[in-house]
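Report on the following structure.
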Amino acid sequence: TELIQNLAHDLKTPLASIISYSEGLRDGIITKDHEIKESYDILIKQANRLSTLFDDMTHIITLNTGKTYPPELIQL
């Protein structure tokens, strides 16, 4: 359970950034050109971080079970 708690925390951190910056852009809170660009850079960085975490989890599952699970696109 400790592993799952750590994974949940590691997933929530970049997700929280993605949500807050997305809302800031949507709601017009972030309006200056350089802030908008910086926000998109942060969104991309955090999305890549999530992708890496999911890849790591897939590798751990494969190592523990010997089964492979091909990645698939999902609608968010």
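Remarks
- About the centre of its Cα atoms, the chain shows a dipole size close to 80 debye [charges on the beta carbon of Lys, Arg (+1) and Asp, Glu (-1) only; nearest 20 debye].
- Calculated FRET efficiency for the pair Ala8/Lys32, C-beta based, R₀ 25 Å, to 0.05: 0.15
- Summarising the label geometry, the points placed 7 Å from Cα in the beta-carbon direction at Thr62 and Ala47 lie 2.4 nm from one another.
- Between the helical axis of 33-65 and the longest alpha-carbon principal axis of the chain there is an angle of about 10 degrees.
- Neighbour net charge for Asp56 - beta-carbon separation under 14 angstrom, K R +1, D E -1: -1
- Using alpha-carbon coordinates, inclination of helix 2-26 to the longest axis of the chain, degrees: 20
- Around Ile18: net Lys/Arg minus Asp/Glu count, Cβ-Cβ under 13 Å: +2
Laboratory data are not the source of any read-out in this text; all were calculated from the coordinates shown. Source: prediction; values computed, not measured. A quick note on method: Cβ atoms are made from the backbone with ideal geometry, for glycine too, and the neighbour counts reach across all protein chains shown.
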